[in-house]
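Beneath this line is the structure, given in structure tokens, with notes to follow.
Please treat every number below as a calculation from the coordinates, not as lab data. Here the structure is a predicted model, which is why all the values come from computation and not from measurement. Here the Cβ positions follow ideal geometry from the backbone for every residue, glycine too, while neighbour counts run over all protein chains shown.
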Amino acid sequence: MLKNHNNNPQFNIDKFYKNYLSGPRIFKNRDALESSYIPRELPHRDTQIKNIAEKTACALLGDTPPSFLCYGMTGTGKTATIRYVSQKLAQQNSKIKPWWIYINCNVVSTPYRILAHIYNTISRKEKIPPTGLPKDIIFKKLLGLLDSRVGNSICFLVLDEIDILVDKKGGNEILYDLTRLNENLDNSKTSIIGISNKLKFRENLDPRIISSLGEEHIVFPSYDASELRDILIERAKITFQDGVLKEEVIPLCAALAAKENGDARKALQLLRKAGELAERDQNKIVTAKHVEKAQGDLENDHIMEYIKGMPLQAQLIIASIYLISRFSPDYVIISGDIYDVHSEIRGLIPGVRQLTKRRISDYINELSLAGIISAEVKSMGHYGRTKIIKFDIGMELIENVLSKIDKIHGIMNYKPVFLQTDKVKLKNNIFKKLI
Ligand SMILES: Nc1ncnc2c1ncn2[C@@H]1O[C@H](COP(=O)(O)OP(=O)(O)OP(=O)(O)O)[C@@H](O)[C@H]1O
Ligand SMILES: [Mg+2]
């Protein structure tokens, strides 16, 4: 049999699949935990569903519904509720069938592309190129298309994550134009539904837009643990095989997500990950242990994403601390050490500037606030005060994320000069010791 360099037998993929297929079944329908899945029922969203249904019902008679905004923290079911209501509205037995155009402003991210997206969705063809046409031309074309295709019906324009559009250059302007579409339409009518999890974004809105989006908005309060439990119980019935969840699993997922602002997405992610961990270990039952492990894994994913999204200089500060800790685990790290190591490693990466001590200190504060490091201020007597710096998260995780950053990958084995026994640093120059 072939051996790999560790002398361990190679991973046997055929055996793995065979075991997988003959192993215990945890999931019945894993897709029901996907974010795109629209549940048949939305527990604890009755008030919001009723409110939106009342506002949109007149579209079934061909009248123009008011535009409105939906607010609430992340994971409070805003997108799911709008999608749910739009599905229900489409299923009604009415002569007039409203149109729904859903736009996630985080994905379709420029005013131009939003207009092009609306046009191309209605025309069902990629008629407007991704760039190039003047805005007033697209508007004219769009008005013509709405009147001819949508006819005497209503077109709902759902602008999800609308705050991202408002913060963009030209965002307010296009929003204003969209709220004014009806004034220039002969047959059809439009209605805007804005969704946001930034409660303060209205402050950046042009007052004329606020008045056309309606003073009234629909609030999605965060879920408490018992509401999250109900949501998970309903979802688990369709997702998991009967009897595979130990009774503590759902309350634990609900309690952990309730602590994080009552985010239903988090609760569902935890449940899914716990199920996958049980499946991976070929366990028949999902237990609290799987949930705890899932929580740790999700937190790590979160930290990794956070570090990956940081500016390179901040990542180099983390790399400096990592390199010192790696080559001398017991060494007590102070800010000056980080300054030295940073200036050594930034010299190994083309185009990276030297930072001042002050900037390094700012980055240290930021990393400490983010919970990645702890920086304890210690008095050094006559020498003043300094910060003692340590990682607050595991070295393995740090190593994992740093090695995935292209520019840092190549310096992961760099040993800082002050830890190299044969070198000495004098006035920022590195010399080889003669004795
Ligand atoms: N009441 C509910 N019943 C069943 N599932 C729900 C409920 N509320 C939210 N969910 C589920 O939780 C997840 C997050 O919900 P959703 O995407 O609607 O949140 P959101 O408020 O739009 O969040 P964000 O502001 O981050 O976009 C989705 O998978 C959704 O199906
Ligand atoms: Mg959403």
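Would you tally the net charge around Ala53, using a Cβ to Cβ cut-off of less than 13 Å, leaving Ala53 out, and scoring K and R as +1, D and E as -1? Net charge in that neighbourhood comes out at +2. In this structure, the amide hydrogen of Cys70, modeled 1.01 Å from its nitrogen in the peptide plane, lies closer than 5 angstrom to those of Gly194, Ile195, Ser196, Ile218, counting only residues at least 5 positions away or on a different chain.
From largest to smallest, the equivalent ellipsoid semi-axes obtained for region 205-350 from the alpha-carbon gyration tensor read 40, 29, 12 Å. Residue order for Thr74, Thr421, Thr56, fewest other beta carbons within 10 angstrom first, comes to Thr421, Thr74, Thr56.
Considering only Asp46, Asp230, Asp160, the Gaussian network model of the chain with Cα springs below 10 Å gives its largest mean-square fluctuation to Asp46. Neighbour counting of Cβ atoms within 10 Å sorts the residues Cys155, Cys58, fewest neighbours leading, into Cys58, Cys155. Using alpha carbons only, the radius of gyration of region 231-276 set against its Kirkwood radius gives Rg/Rh = 0.94. Taking the Cβ-Cβ separation of Asn400 and Asn152 as r and a Förster radius of 51 Å, what is the calculated FRET efficiency to the nearest 0.05? E between Asn400 and Asn152, to the nearest 0.05, is 0.30. Counting only Cβ charges, +1 for Lys and Arg and -1 for Asp and Glu, the dipole size of the chain around its Cα centre is about 1220 debye. Here the translational diffusion coefficient of region 33-178 follows from Stokes-Einstein with Rh set to the Kirkwood radius across Cα pairs; for 37 °C and 0.692 mPa s it amounts to 199 µm²/s. Looking at the chain, what % of its DSSP beta bridges pair antiparallel, to the nearest 5? Bridges in the chain that DSSP calls antiparallel: roughly 40 percent. Farthest towards the positive end of the charge dipole of the chain, among the residues Gly132, Leu185, Leu69, is the Cα of Gly132, using unit charges on the Cβ of Lys, Arg, Asp and Glu.
Per the Debye formula with a single identical scatterer at each Cα and no solvent contribution, what log10 I(q)/I(0) holds for region 309-432 at q = 0.12, 0.20 Å⁻¹? With one equal scatterer per Cα and no solvent, log10 I(q)/I(0) is -0.42, -1.25. Using the Cβ-Cβ distance between Asp230 and Leu21 with R0 set to 25 Å, the FRET efficiency from 1/(1 + (r/R0)^6) comes to roughly 0.15. With coordinates expressed along the principal axes, the C-alpha atoms belonging to region 146-226 extend over 48, 33, 20 Å, beginning with the largest. Volume per residue of the convex hull around the Cα atoms, evaluated for the chain, comes out as 239 Å³. Between helix 357-369 and the chain there is an angle of about 60 degrees, using the helix long axis and the longest principal axis of the Cα atoms. Largest first, the extents of the alpha carbon coordinates of region 109-197 on the three principal axes equal 33, 27, 21 Å. Residues Tyr119, Tyr414, ranked from the fewest to the most other C-beta atoms within 10 Å, line up as Tyr414, Tyr119. For region 8-65, a Kirkwood radius taken over Cα pairs fed into Stokes-Einstein (4 °C, viscosity 1.567 mPa s) yields D = 79 µm²/s.
Here region 139-169 is scanned for amide nitrogen atoms under 20 Å from the site 7 Å beyond the Cα of Arg265 along Cα-to-Cβ, giving 158-168. On the principal axes of its alpha carbon atoms, region 224-307 extends 39, 30, 18 Å, with the longest extent given first.
Here region 300-370 is treated as a sphere whose radius is the Kirkwood value from Cα pairs; by Stokes-Einstein at 10 °C and 1.306 mPa s it diffuses with a coefficient of 125 µm²/s. Projecting the Cα atoms of His409, Ser361, Gly275 onto the charge dipole of the chain, computed from C-beta unit charges around the Cα centre, puts His409 farthest toward the positive end. The Cβ shell under 13 Å around Lys407 holds other residues with a net charge of +2, Lys and Arg each +1, Asp and Glu each -1.
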